[in-house]
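The values are calculated or read from the model by the stated rules, or taken from the named source; none is laboratory data. Just so you know, these numbers come straight off a predicted model, no measurement behind them. Cβ: placed from backbone, ideal geometry, glycine included. Neighbour counts: every protein chain shown. To get the accessible areas, we keep the full protein, side chains included, count just its heavy atoms, and leave off ligands, DNA and RNA. Shrake-Rupley method; radii C 1.70, N 1.55, O 1.52, S 1.80 Å.
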Amino acid sequence: MRNKIRLLTPGPTPLPEEVRLALARDMIHHRKSEFMGIMAGVREGLKHLFQTEQEVLTLSASGTGAMTAAVNNLFAPGERVLVVEAGKFGERWSDIASAHGLEVVALPLAWGTAVQPKHISASLAQWPDIRGVLVQASETSTGVLHPINELGKLLATRDILLVVDGISAVGVSPCPMDAWSIDCLVTGSQKGLMLPPGLAFIGLSPRAWVRVERTASKDFYFNLLSERKKQSGNQTLFTSSVNLIMGLEVSLNRFREQGLKEVFRKQWAMTRMVRAGIEEMGLTPFARDHFTWGLTSILLPPGIDGQKVLSLASETYGVLMAGGQDRLKGRIVRLGHMGHVDFADLFAGLYALRQSCIKLGGVSGSRDYLEQAAAAYEIALERFDEEVTHV
Ligand SMILES: Cc1ncc(COP(=O)(O)O)c(C=O)c1O
């Protein structure tokens, strides 16, 4: 093996050493005081991460588990919800809601574009009995960032819940639950949180809890009322994912020590770096305007097969990126830059991407793309406070 493996996928993401060491600790019991002490710290750390005063519950599941818990606990079968379908994960909201017997009004958008408040307003006018809007903060399949802040303003004064899948946004870009009037925010462990897959998190606003109480879900495993009661005593309802939670404690401490703003500054700078790099090498970002901060989706020139780019980059350079999903399969490459990734990893990512494209038929951009990318990184770090005003 000539090169280090660099995991530049939009989840799972690389793990910091201190997290790996925490994961390797000896087993402790989930009903004893040592675990309860860890859980108490985790509960506070999750509030900090979600930027909320509310309890954030930890579930043993992948992110889809928290999405399912949200739908099943917030809405009763037969109620109507609006789903922003701007990619594969938007469609997942619809699938989960349909499986629960909800009436789904889908708002399909061209992949690569973001929803606008006027789209939501138009649907609400057409369907006055909509009880919730389900949307991604970051649509990982396309690399788009939806304007959650604006949707929060739109829905805060109506009896309509804003339910946000923040699986590739929390800990990556600003998504302050309380300040943005988000009623339900979910995420998973394997992306911005720098942990292995296996934990999911869900935070609910006071009015969302009222809905949960009214809905009184009969679900046994994802029962948020029972889970909230148990977690308020620093235990989980069923056997806890003990080691993942020990890793989580360390990861949450990192967010506190570094400060969310500094985490976001770095994420923003890496996003600008990758966009500058690919544009300099003659490639086009798939999400033009509303782009997410944890990955960059890159449109490949006609004739260059994304699957082959991924294989070459991994076999030759040890760089693991992700491809397009569904209709974007083979057409885009998704270069992940969330979690424990830094600018030096991205030099490798950009280089591997360009060299692989050249081998497969060529790109014709500037040869100093790495320098340009580095310059964009430095500038973005410096100008973060001017350019990003909503942190
Ligand atoms: C935005 C988004 N939603 C949902 C999911 C599904 O999460 P999981 O695979 O952890 O269930 C993902 C995972 O990639 C995602 O990025």
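Cross-link partners of Lys4 among lysines, defined as those whose alpha carbon lies under 28 angstrom from its own and excluding same-chain residues fewer than eight positions apart: Lys191, Lys266, Lys308, Lys329, Lys359. Computed with a 1.4 Å probe on the full set of protein chains, the accessible area for Arg158 sits at about 90 Å². Partner lysines whose Cα lies under 16 Å from the Cα of Lys118, excluding those fewer than 8 positions away in the same chain, are identified as Lys153. Compared with the dominant Cα axis of the chain, that is its longest principal axis, helix 306-317 is turned about 70°. Between Phe238 and Asp129, the simple spin-label model (points 7 angstrom out along Cα→Cβ) gives 3.4 nm. Projecting each Cα onto the charge dipole of the chain (Lys/Arg +1, Asp/Glu -1 at the beta carbon, about the Cα centre), which of Ser33, Phe286, Ala99 comes out farthest on the positive side? Of the options given, the answer is Ala99. The calculated P(r) of the chain, using every Cα pair and 20 Å bins from 0, goes 29, 56, 15, 0 in percent. With respect to the chain, whose longest principal axis is taken over its alpha-carbon atoms, helix 369-387 is tilted by about 40°.
Shape class of segment 293-369 from the alpha-carbon gyration tensor: oblate, with a/c at 1.5 or above and b/c at least as large as a/b.
By the equivalent-ellipsoid construction on the alpha carbon gyration tensor, segment 94-252 comes out with semi-axes of 27, 20, 14 Å, ordered largest to smallest. Multiplying the residue separation of Thr389 and Lys118 by 0.36 nm and subtracting their alpha-carbon distance yields 95.3 nm. Near Ser168: Cβ cut-off under 13 Å, other residues only, Lys/Arg at +1 and Asp/Glu at -1. The net charge is +2.
Which residues does a label at Arg256 reach in segment 26-46, if reach means a backbone N under 12 Å from a point 7 Å past the Cα toward the Cβ? Residues 38-46 qualify, since their backbone N sits under 12 Å from the label point. Expressed in Å, the radius of gyration and Dmax of the Cα atoms of segment 188-255 are 13.5, 37.
Only the Cβ atoms of Lys and Arg (+1) and of Asp and Glu (-1) were treated as charged; on that basis the dipole of segment 33-185 about its Cα centre amounts to roughly 240 debye. Spacing of the modelled spin labels on Thr157 and Phe347, each 7 Å from Cα toward Cβ, amounts to 5.2 nm.
The long axis of helix 88-99 is offset from the longest Cα principal axis of the chain by roughly 20 degrees. Taken as Cα centroids, segment 20-67 and segment 333-391 sit 33 Å apart, rounded to the nearest whole angstrom.
In the context of the full set of protein chains, residues of the chain present 40 Å² of accessible surface per residue (probe radius 1.4 Å, heavy atoms only).
What the Cβ-Cβ distance of Leu225 and Arg80 gives, at R0 = 22 Å and to the nearest 0.05, is a FRET efficiency of 0.45. Only Lys, Arg, Asp and Glu carry charge here, each on its Cβ (+1 for the first two, -1 for the last two); on that basis the chain has a dipole of about 600 debye about its Cα centre. Other residues with beta-carbon under 11 Å from the beta-carbon of Arg80 carry, at +1 per Lys or Arg and -1 per Asp or Glu, a net charge of -2. With the charge dipole of segment 176-245 set up from +1 on Lys and Arg Cβ and -1 on Asp and Glu Cβ about the Cα centre, the Cα lying farthest toward the positive end among the listed residues Leu199, Gln231, Ser189 is that of Gln231. Carbon-plus-sulfur accessible fraction, segment 1-85 (probe radius 1.4 Å, protein heavy atoms only): 50%.
Among beta bridges identified by DSSP and lying wholly in the chain, the antiparallel ones come to about 50 percent. Approximating the spin labels as points 7 Å out from Cα along Cα→Cβ, the His48-to-Arg20 distance works out to 2.4 nm.
Give me the net charge for the shell around Asp183: Cβ to Cβ below 12 angstrom, other residues only, Lys and Arg +1, Asp and Glu -1. Every neighbour counted, the sum reads +2. Inter-part distance, segment 137-172 to segment 89-108, computed on C-alpha centroids, equals 16 Å. Gain on full extension, evaluated as 0.36 nm per residue between Arg2 and Glu103 minus their Cα-Cα distance, stands at 31.0 nm.
Residue separation of Ser364 and Met36 scaled by 0.36 nm, minus their Cα-Cα distance, works out to 112.4 nm of gained length. Checking every one of the trypsin sites (Lys or Arg not before Pro) in segment 217-269 against DSSP loop status and a limit of 12 other Cβ atoms within 10 Å picks out Lys218.
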